[in-house]
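For reference, the structure discussed in these notes is given below.
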Amino acid sequence: MNVDDILQTPDEHVRFAAYLDELQQVPDADEVDLVSRVLTDPDRTMAQSAVLRHLDHRAAGLYPSPAYEEWVRAMTQVAIDRPLLVQRLREWSLFRAITLKLAWQPDDLLTSSNWLQLMTAAGTTTEATEILAEAGRTKRIRNTAKATLNHRRQS
């Protein structure tokens with residue numbers, strides 16, 4: 001099934017599943033084009049959700065490698081008019097910086113989404129986890145960070 005066929009399907013749940021399937025199988029060389037085409041779906045929320053899942057999946061596999069930088073630039077260009085997608089890509093870049101011990105600012109972590117704070121609290125660097133144990137946005141984030149620190153101390 002191609003994107004044109006998917007767009008003809010009236011049920012957004014079926015389109016969502018079809019988009020996820022297409023995005024999972026897309027060759028790297030065709031990824032930008034496919035993401036662009038998915039984002040043309042008339043149901044903007046559904047299309048954005050499918051692309052967000054794809055970005056999370058790809059970023060999780062790519063962030064440790066040098067290929068991440070080029071990929072995130074390309075995906076940011078495609079998603080430039082979708083603030084949620086651009087924010088998620090920025091947050092993946094911050095997660096990457098924290099995890100790989102590159103330069104990052106604590107204020108960027110503290111002003112990030114609950115999603116990033118929770119992911120970071122569950123197992124990145126001790127510095128980031130300590131910051132979140134003290135000043136994470138929610139009780140759940142602070143408790144997760146404290147539990148992570150306690151686990152590290154016991155190991």
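The values are calculated or read from the model by the stated rules, or taken from the named source; none is laboratory data. Being a predicted model, the structure only gives us computed values, none of them experimental. Ideal geometry is used to build each Cβ from the backbone, glycine not excepted, and the neighbour counts take in all protein chains shown. When the accessible area is computed, the model is the full protein with side chains, heavy atoms only, and any ligands, DNA or RNA have been set aside. Shrake-Rupley method; radii C 1.70, N 1.55, O 1.52, S 1.80 Å.
In the set ALA50, ALA79, ALA97, which member is open to solvent by less than 30 Å² (accessible area, probe 1.4 Å), more than 30 Å from ASN143 (Cα to Cα), touching a Phe, Trp or Tyr at 6+ places or on another chain (Cβ under 7 Å) and at pLDDT 95 or above? On inspection, the qualifying residue turns out to be ALA50. If only residues of the range 11-42 that are over 20 Å from ILE80 (Cα atoms) and of a type in the set (Asp, Glu) are counted, the one that is surrounded by the fewest Cβ atoms within 10 Å (Cβ to Cβ) is ASP11. Filtered by the rule that a residue be in a helix (DSSP H, G or I) and open to solvent by less than 30 Å² (accessible area, probe 1.4 Å), the range 125-147 gives ALA128, THR129, LEU132, ALA133, ILE141, ALA145. Applying a threshold of 7 Å to beta carbon distances and a minimum spacing of six or more residues, or different chains, the list of pairs starting in the range 142-155 at a residue that is free of Cβ contacts under 8 Å to residues at least 60 places away in the same chain and farther than 9 Å from LEU132 by Cα and ending at one that is of a type in the set (D, E, K, R) and part of a helix (DSSP H, G or I) reads LEU149/GLU130. Just one of the listed residues (THR45, THR120) is loosely packed, with under 13 Cβ neighbours inside 10 Å, in a helix (DSSP H, G or I) and among the hydroxyl-bearing types (Ser, Thr, Tyr), and it is THR45.
For the range 36-47, filtering for residues that are under 20 Å from HIS13 (Cβ atoms) and touching a helix residue (DSSP H, G or I) at 6+ places or on another chain (Cβ under 7 Å) leaves 7.
Table: residues versus (1) aliphatic (A, V, I, L, M); (2) open to solvent by less than 80 Å² (accessible area, probe 1.4 Å); (3) over 28 Å from ALA145 (Cβ atoms).
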| position | (1), (2), (3) |
| --- | --- |
| GLY61 | no, yes, no |
| ARG73 | no, no, yes |
| SER93 | no, yes, no |
| ALA103 | yes, no, no |
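Checking the stated criteria, ALA97 turns out to be without any contact (Cβ under 8 Å) to a residue 24 or more places away in the chain and among the aliphatic types (A, V, I, L, M).
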